[in-house]
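Computed from the coordinates by the stated procedures, all read-outs in this text should not be read as laboratory data. Since we're looking at a predicted model, the values are computed, not measured. Positions of Cβ are generated from backbone atoms using ideal geometry, with glycine treated the same way; all protein chains shown enter the neighbour counts.
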Amino acid sequence: MKLPIFLAALLSFVHLPAQAPARPNSGELHAAIQKLGVLGSALYIAAHPDDENTRMIAYLANVEKVETAYLSLTRGDGGQNLIAPDISELLGLTRTQELLAARRIDGGQQFFSRANDFGYSKHPDETFNIWDREQVLADAVWVIRKWRPDVMILRFDPRDPGSTHGHHTASAIIGLEAFDLAGDATAFPEQLAYVENWQPKRVYWNAYSWGDNPLPDHADSTKLIEVDVNAYLPKLGESVAEIAARSRSQHKSQGFGSSGSRDRAVEKLELLKGDDRDTEGDPFAGIDVSWGSLEGGAAIGDRLTAIEASFDFDDPAASVPDLLEVYELMQELPDGYWKSKKMTQIKDVISGALGLYVASTVTTPFATPGDTVTVVTEIANRSTLSLTINSIGVATGGTLRERGTSLGRDLAPGAVIRDTLSVVLPPEAFDSGPYWLAEDWKLGMYVVNDQRQRGLPETPDPLTTLISLMVDGQSLPLERPVRYSYTDPVAGEEFQPFEVLPPAFVEVGESGFLFSSNEPRSVTVKVTAARDSLDGTLRLDVPAGWSFSPADQPVSIERAGQERFYFFDLTPPDGQSQGRITPRLNLDGTDYDRRLVRIDHPHIPTQLATLDGGASVARVKIETAGQTVGYLPGAGDAIPEALASIGLDVDILDDSEASVGDLSQYDAIVVGVRAYNTLERMPVYQPRLLEYVKQGGTLIVQYNTNRRLMIDEKDLGPYPLQLSRDRVTVEDAPVELLVPDHPALNFPNKITAADFEGWVQERGLYFPDEWAEEYTALLSSHDPDEDPHKGGLLVAEYGSGHFVYTGYSFFRELPAGVPGAYRLFANLVALGQTK
């Protein structure tokens, strides 16, 4: 399929070396041979991306040489994003890939559960009210049975609920329960169709305390060992802590850049359950992780030790004949977990030692079911040994579709072959986008019906190449993913994931619609063809009581990559109503209702995902006063679009406008979330913003954290205020109006308790807990069994204008279409009009 110029521009990609074919150096190959000799594994468990202790993971993977994985119960969907406006499931996509980038550096593997991150919770009970505890526990048991760890490590303490984020403690509770259940055949027996029971030997808490504080009293010092993890690895040229810092620095969306350390680094591990034969400095003491633990395996261990000792860093291929003998010995072993895992690893080691370059590429980033895709496989032999290509084939979903013609073809030292195959994607080819987003989900849990997909970090590659080589008389099968490859005029050779996606994408033109009357509004639906000759019928699905016209519209698009726009008149009901509208395109009897989303950051692979193409709609009584709004972006949110949807004129302020522009033209200026944490130019902007207020403007500052502020906290507003970590995490927690007659609660909309119904994820976060008397606190709210938090919405008059500081989560509520949040925010924008 030839990619149209328009679509090629739409899907231009950035450089990502991780997608390029593996080309290990001699040091990495020697370390891989050492790892072949170790039959041990560890599983680290926590709640979110960036919770993991990358020092411990890097130590286990690179020093102990055990198979090491991190189970993050969530994908970080509920956090904030410092590099883009994406939140919720789109942030989860970014953070998933950041974890995978981290694991490529520290040597670990990655797993997830079906739980999604719904934001901060203060107690595990609150967390389990939203997560399906039984499903999350089942996923943890599934990962343990698949990974078969000897040692488990919990990042957080399961015995101390309320001391940290509820998700954190919940992850430890789940891990401790899963430790017991993974070896119980009566627990989740449906999993045993694919895996066997497995009982880990030990489970630890990675004991920690903040600052100079001691460990909690309930920590058992007799069960505590210390491990100095910061070994120096000369073959890799850095210490464990330096590797860990590079790994942690992949969490760029959270601002977790980290510096490496050369100092001694001690990690404490408290044994919670399991045998107590560990010793100081060694959590694997007493656990046989040698090949001698397998029947018939001792000879393999001896041979690998000899290969390691005689390895020639200038000629790794000299080890290939001996490695092939070990590979043959592995084949003779009874089938089992370690046989399968180590045979996969040794094939990669042999391929690397041969300097074998294997790349299967296509010239399009995606195709649709039924398309013909041309796959070019390049194989280069850069060793001194002669090879033979027995076969090359391309598979979809594990099924071989086409076999190449390079049968029995010799590949001499220095020779290169290129084999071209044309593969017809079957009509039932699956959407290779993120599997956990394929079904509608609810707050707390994603829906993954296929047991075999659960736990996977991402959807398997839709196309793979199967290659059979003959090396020194031994058959060596290899499997490689098919990648999209192109030459960038600046970056050079590029490799990116190849995807299979639907034949068309549909998308409503706005993320949400607010109706303040029952007058109809025009709704634009964009249809993008992903294949040629697209003919179908387009309609809208709307909530009960809403109507649209026309009833349907014919769609005809000639070429892939072309777009067409269609218009419907949408009429709301007379009374208040909320819901979603969804465009549906019927092609040959099948409905398509997904839009194409592209996430593009330099540190992760470009992500293509198909999501619901609809939009939220609401009929609500809302008035506005004041028309022009300047918006200074912070860490990223969708509030400008939300304000525009209620008829306000919104300008995004760039550096020039914020620094020297005429701010007096705006009725209000809104500062984006965490702007004072992320914008280095805030010391320049802040005096001008406060002067704007003094001269009669209205400035609305959304939440910031008290860490890494770009200005002194005392200068955050015209009068002192102090930020805290106070937050209200229960989204339906009662809200009290402290000053019911204040203009911000009355003009142009009368705010009542009803306006705080239907909020999502949380009330607010990082409320001020101290403020000068010039501020008026308008609202009070609190989670169960807590004191009231009154600092969530502060208003002060300054000069002729108004300054507003709010920790309430408008950045979540407005994109979700919450009517009361719109009414209250419209009042804040209108404060300058109340005089």
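Going by average Cβ neighbours within 10 Å, how do the peptides 527-539, 180-192, 348-360, 266-278 rank, with the highest at the top? Numbers along the way, then the final one.
Details: 527-539: 18.8, 180-192: 14.5, 348-360: 21.5, 266-278: 16.8.
Highest to lowest by the protection proxy: 348-360, 527-539, 266-278, 180-192.
For the chain, the antiparallel share of DSSP beta bridges with both residues in that region comes to about 75%.
The stretch between Asp160 and Asp450 holds 100.9 nm of extra length on full extension. This uses 0.36 nm per residue minus the Cα-Cα distance.
Farthest toward the positive end of the dipole of the range 42-289, out of Val266, Ser171, Gln110, is the Cα of Gln110, where the dipole comes from beta carbon charges about the Cα centre. Per the Kirkwood formula applied to alpha carbons, the range 199-279 shows a radius of gyration over Rh ratio, Rg over Rh, of 1.04.
When the dipole is taken about the Cα centre of the range 42-289, and only Lys, Arg (+1) and Asp, Glu (-1) are charged at their Cβ, what size is it in debye, to the nearest 20? Walk me through the numbers on the way to the answer.
Details: 26 positive and 40 negative charges, 146 e Å.
Dipole of the range 42-289, to the nearest 20 debye: 700 debye.
The range 293-372 and the range 538-594 have Cα centres lying 53 Å from one another.
Check the straight Cα-Cα distances from Lys750 and name the lysines below 16 Å, setting aside those fewer than 8 residues away within the same chain. Partners found: Lys621.
Charge dipole (Cα centre; +1 on Lys/Arg Cβ, -1 on Asp/Glu Cβ; no other charges) of the chain amounts to roughly 1260 debye. Among the listed pairs Lys273/Lys342; Lys65/Lys235; Lys35/Lys342; Lys201/Lys273; Lys146/Lys342, those with a Cα-Cα distance over 18 Å are Lys273/Lys342. Taking every alpha-carbon pair under 8 Å whose residues sit at least 6 apart, the chain reaches a relative contact order of 10 percent.
What do you get when you divide the Cα radius of gyration of the range 542-653 by 2.2 N^0.38 Å, with N the number of residues?
Values: Rg = 18.0 Å, N = 112, 2.2 N^0.38 = 13.2 Å.
Scaled against compact globular proteins, the figure is 1.36.
Counting only residues at least eight positions apart within a chain, or on another chain, the lysines with an alpha carbon under 22 Å from that of Lys442 are Lys122. Here the Karplus curve 6.51 cos²θ - 1.76 cosθ + 1.60, taken at θ = phi - 60°, turns the phi angles of the range 433-449 into couplings of x, x, 5, 6, 9, 6, 10, 4, 10, 10, 4, x, 9, 8, 10, 10, 7 Hz, with x standing for Gly and Pro.
Treat each spin label as a single point 7 Å out from the Cα along the C-beta direction, and report the Asp220 to Leu400 distance in nm. That separation, rounded to one decimal, is 5.5 nm.
Within the range 504-582, the percentage of alpha carbon pairs spaced more than 19 angstrom apart rounds to 39%.
Each residue of the range 203-210 was assigned a 3J(HN,Hα) from its phi angle through the Karplus curve 6.51 cos²θ - 1.76 cosθ + 1.60 (θ = phi - 60°); the sequence is 10, 10, 9, 6, 4, 8, 9, 8 Hz, with glycine and proline shown as x.
Here the spin labels are modelled as points 7 Å beyond Cα on the Cα-Cβ line, and at Thr590 and Ser293 they lie 4.6 nm apart.
Taking 1 over the mean of 1/r across every pair of different Cα atoms in the range 187-229, what Kirkwood radius in Å do you get?
14.2
Summed over all non-identical Cα pairs, the Kirkwood treatment of the range 666-759 gives a radius of 15.5 Å. Calculation over all alpha carbon pairs of the range 628-833 in 5 angstrom steps from 0 returns a P(r) of 1, 8, 17, 22, 23, 18, 9, 3, 0, 0 percent. Each of the peptides 742-753, 237-248 was scored by the mean count of other Cβ atoms within 10 Å over its residues; in descending order, highest first, they stand as 237-248, 742-753. Here the peptides 603-611, 94-102 are ranked by packing, the mean other Cβ count within 10 Å, and the order with the highest first is 94-102, 603-611.
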